[in-house]
Structure formats: structure tokens, C-alpha cells
Amino acid sequence: MANPSAPARELASNRRARREYEILETFEAGVVLVGTEVKSARQGKVQLKDSYVEIVDEEAWLVGVHISPYTHGNQMNHDPERRRKLLLKRRELDKLFGRSLLKGLTLIPLRVYLKGNRIKVEVALARGRKLWDKREVERKKILDREMQEAITRR
């Protein structure tokens, strides 16, 4: 049995999300996968680009995540773009549903990782950034980097 306190191994991350969105809150969710998806995901063949979470009939669904077909699979391989059900606690799901109805808020997956033997998805409640907001964040990051370099040179 895997050690639950072992560090999580990241399989994929949505790097653009932190630039495009202001992250307000994050949640850990399990995901329902078929056998070949698990094998392919463990190899790191997951892409989160342009993916989001949709809540339909009090269930959370992961939409737009591409998990490449397993290389050693047969004709029973999975559909790479299919919707996948997320496993969240009822209280978390209700909270996400209520907050996602607010104007400008959306649910996006930030990363997919292994925790023990389970594949988990980090879901974030986020607000989209405007173009000037993105520029401001980039400027701040550059200034922080220059400040750190000045400190280390001293």
C-alpha cells in the first residue's frame, strides 16, 4: 500500500491558468477514469489547456481535458476528449455551485497529480483577468525578480 503522506507526483499542470485567472480558492477532487486513461495519465500524457469544470445536475464534470490514448491499448481504448466526472464532497460541490453562479467566476483545473495510488485534480474557483491586469501582474513579477537579484548581489 502506498504511503498517503508521500509527496504528490504531478502529472500535468495548467500553467496558463495562473496568468489568465486570479485564483480565489482551490479544492482537491478525485476523478472517475477508465483503465486505459489511468495508465496513460500515469505516463503524464494529460493536457489541461482550455479545460474547465461544469456543474450539471448536482455533479461536477471535467470538460476539455485531453488524455492521450494508451499506447499499448487495443480497440477498446478510451475517447481522449470525453467528459470525466469529478468526485467532490456534497458540501464542497454546493459551495462551488453557489459561487460559480456569481458573475465572472469560473471553475478551472489547475493540475492533475498522483496522491498515493489515486489520481487527483486540483480545481480552482477563479476570476478572469483583464489584459491590463495581466500586464500589471507581469510587471510586478519582473520587479520582484530584480529586487531579489539586487539583494543576492549585495
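The values are calculated or read from the model by the stated rules, or taken from the named source; none is laboratory data. Just so you know, these numbers come straight off a predicted model, no measurement behind them. Cβ placement follows ideal geometry from the backbone for every residue including glycine, while neighbour counts extend to all protein chains displayed.
So in the range 117-154, with the set limited to residues that are touching a Ser or Thr at 6+ places or on another chain (Cβ under 9 Å) and not basic (Lys, Arg), which one is modelled with the lowest pLDDT? Walk me through how you get there before you give the answer.
Initially, the range 117-154 is screened for residues touching a Ser or Thr at 6+ places or on another chain (Cβ under 9 Å), giving 122-128.
Filter once more, keeping what is not basic (Lys, Arg): 122-126, 128.
On the way: 122: 91, 123: 90, 124: 90, 125: 88, 126: 88, 128: 81.
Filtering first and then ranking leaves 128.
Of all residues in the range 37-73, those being farther than 30 Å from residue 104 by Cβ and in contact with a helix residue (DSSP H, G or I) (Cβ under 9 Å, 6 or more places away or on another chain) number 6.
Could we say that residue 105 is under 28 Å from residue 38 (Cβ atoms) and within 17 Å of the chain's Cα centre (by Cα) here?
Numbers: under 28 Å from residue 38 (Cβ atoms): no; within 17 Å of the chain's Cα centre (by Cα): yes.
So residue 105 does not fit the description; no.
For the range 95-108, state whether one or more residues are of a type in the set (Lys, Arg), within 21 Å of residue 50 (Cβ to Cβ) and touching a residue at least 12 places away in the same chain (Cβ under 8 Å). Scanning the range 95-108 turns up no residue that is of a type in the set (Lys, Arg), within 21 Å of residue 50 (Cβ to Cβ) and touching a residue at least 12 places away in the same chain (Cβ under 8 Å). If the condition is being of a type in the set (A, V, I, L, M, F, W, C), surrounded by 15 or more Cβ atoms within 10 Å (Cβ to Cβ) and not in a helix (DSSP H, G or I), then the range 88-117 contributes 88, 105, 107, 108, 110, 112, 114.
Taking the range 15-36 as the range and being modelled with pLDDT of 85 or more, part of a loop (DSSP other than H, G, I, E, B) and either surrounded by 15 or more Cβ atoms within 10 Å (Cβ to Cβ) or of a type in the set (S, T, N, Q) (or both) as the test, only 33 passes. Using the structure shown, decide if residue 88 is over 30 Å from residue 136 (Cα atoms), touching a helix residue (DSSP H, G or I) at 6+ places or on another chain (Cβ under 9 Å) and touching a residue at least 60 places away in the same chain (Cβ under 8 Å). Taking the combined requirement at face value, the residue satisfies it.
Among residues of the range 118-138 being under 18 Å from the mean Cα position of the chain (by Cα) and surrounded by fewer than 17 Cβ atoms within 10 Å (Cβ to Cβ), the one that is nearest to residue 32 (Cα to Cα) is 118.
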